[in-house]
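Just below is one structure, and these are the notes that go with it.
The values are calculated or read from the model by the stated rules, or taken from the named source; none is laboratory data. No experiment lies behind these values; they were computed from the predicted model shown. All Cβ positions, glycine included, derive from the backbone under ideal geometry; neighbour counts span all protein chains shown.
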Amino acid sequence: MGSLSNKRILLGVTGGIAAYKSAELIRCLQGAGAEVRVVMTPAATEFITPLTLQALSGNPVSLELLDTAAEAAMGHIELARWADLILIAPASADFIARLCHGEGGDLLSTVCLASHCTIALAPAMNKHMWESPATQSNVQQLRAQDLAIFGPAMGYQACGDIGEGRMEDPATLATMAGDLFNCGLLNGKKVVITAGPTREALDPVRYISNHSSGKMGYALATAAMEAGATTVLISGPVQLAPPERVTTIAIESAEQMLEAALQEVEDADIFIAAAAVADYRPASVAVQKIKKNNDEMLIQLVKNPDIVATVAGLAKRPLTVGFAAETENLEYYATQKLRKKNLDLVIANDVSDTSIGFNSDDNRVLLVQAGANTALPTMNKNLLAHKLIEHIAGLLKTAH
Ligand code: PMT
């Protein structure tokens with residue numbers, strides 16, 4: 001896994017002799033962990049065939065703006081939404097000029113107009129074309145619009161000139177692309193996260209559960225994925241869509257969650273238990289629906305396995321992070337859980353406040369660990385998840 005782990009790169013190839021290098025560029029981007037799709041301008045197809053780039057990228061190459069088949073599958077809006085980065089390499093003087101003026105006459109320029117992601121250009125042209133006031137003014141304008149300009153490099157040119165205008169070499173472009181993402185904190189690491197409630201069956205139609213929506217755990221899974229980790233989310237029943245680029249395992253009961261967790265943590269670096277696991281389950285599950293024959297009914301419960309404590313007790317254990325959902329004495333109970341469950345970090349939330357914690361969009365937590373505790377202010381769970389992943393990545397670094 002490299003600096004582009006989990007990243008989706010749309011490679012735009014425009015017409016220029018450097019187009020032949022886009023084949024190697026695909027390999028370099030994939031080598032850094034990216035998934036690559038290719039859009040070619042009509043002029044680019046004069047220099048390298050779509051078939052070559054299709055075979056290397058493993059995805060169909062998109063060529064035409066007005067192609068009904070392509071629009072039905074992955075049209076310009078889907079391509080624009082799909083990409084984390086649009087890298088145009090080589091970017092010809094003509095394409096740079098058209099992009100600068102907001103033209104949308106072909107598929108690639110339309111995708112650029114429709115996209116909110118970062119766009120990077122690797123200019124490639126004769127040195128006089130590069131130096132021309134028109135090209136320089138266009139590039140300046142694009143820089144001012146926050147487009148990244150990679151190169152061009154100095155050296156021999158296909159036309160025999162020597163100077164600035166060569167496309168940067170593919171390995172350098174892949175590195176520059178990786179540097180655009182403020183991520184990579186967990187590149188090459190595996191993170192396993194539990195989320196949501198568990199359901200403990202009483203009979204075929206009834207169960208014991210709680211109000212966890214899964215929002216906190218799902219936000220953590222997305223943040224871990226964005227930090228470059230191979231991420232596995234073990235989720236109880238929730239109303240959320242599985243996060244993209246995360247392996248999601250659906251479970252119902254605590255016992256099923258434990259089984260999935262033990263399987264997944266074998267090669268994991270970090271385990272984060274955000275799930276609200278039912279502490280007890282019915283001692284027996286009725287085969288048929290229980291009838292309401294009596295005015296009172298007693299249900300015998302037995303203790304569920306403690307998943308996070310079991311993982312923390314493994315001989316070969318990942319860095320293990322638990323949550324503590326408390327309604328009183330937050331710091332005291334969280335510190336107890338840190339010790340009793342042998343955890344590296346406890347993320348404590350006061351769930352007596354209904355504006356945070358269970359089923360809310362926000363949370364406010366206290367980070368409890370050996371040494372100093374840190375309080376974080378109330379914030380959206382997505383933002384909090386990024387801060388927590390940053391903190392946990394720091395703990396992993398110091399642990400090694
Ligand atoms: O899902 P949301 O609606 O977004 O809400 C988020 C949340 C409030 C559920 C989350 O922030 C949270 O606090 N999760 C842990 C809830 C909980 O069960 O806390 P606890 O204090 O009872 O358990 C302590 C830790 O042990 C937790 O990491 C829990 O996952 C784990 N545990 C508990 C019991 C058990 N049998 N196995 C466990 O692994």
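Structure summary
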quantity: Leu367 more than 19 Å from Met216 (Cα to Cα), within 24 Å of the chain's Cα centre (by Cα), of a type outside the set (Ser, Thr, Tyr) and modelled with pLDDT of 95 or more; calculated: no
quantity: Matching helices (runs of 4 or more DSSP H) fully within region 102-145 where at least 3 residues are touching a residue at least 60 places away in the same chain (Cβ under 8 Å) and of a type in the set (A, V, I, L, M); calculated: 107-114
quantity: Number of positions in region 263-301 that are in contact with a helix residue (DSSP H, G or I) (Cβ under 7 Å, 6 or more places away or on another chain) and closer than 30 Å to Gly188 by Cα; calculated: 9
quantity: Pairs where the first residue, in region 176-198, is in contact (Cβ under 8 Å) with a residue 60 or more places away in the chain and the second is of a type in the set (S, T, N, Q) and crowded, with 24+ Cβ neighbours inside 10 Å, C-beta under 6 Å, 6+ apart; calculated: Asn187/Ser5; Val191/Thr231; Ala195/Ser235; Gly196/Ser212; Gly196/Ser235; Pro197/Ser212
quantity: Breaking point among (1) over 26 Å from the mean Cα position of the chain (by Cα); (2) surrounded by 13 or more Cβ atoms within 10 Å (Cβ to Cβ); (3) under 22 Å from Ala268 (Cα atoms), for Ala385; calculated: (1)
quantity: Verdict on Ala97 being within 16 Å of Ile26 (Cα to Cα) and modelled with pLDDT of 90 or more; calculated: no
quantity: Residue within region 285-296 that is in contact (Cβ under 8 Å) with a residue 40 or more places away in the chain and either within 16 Å of the ligand (Cβ to nearest atom) or closer than 23 Å to Asn349 by Cα (or both) present; calculated: no
quantity: Some residue of region 304-311 being of a type in the set (Asp, Glu) and buried (at least 16 other Cβ atoms within 10 Å of the Cβ); calculated: yes
quantity: Of all residues making up region 146-157, the number that are without any contact (Cβ under 8 Å) to a residue 60 or more places away in the chain and either among the hydroxyl-bearing types (Ser, Thr, Tyr) or surrounded by 18 or more Cβ atoms within 10 Å (Cβ to Cβ) (or both); calculated: 5
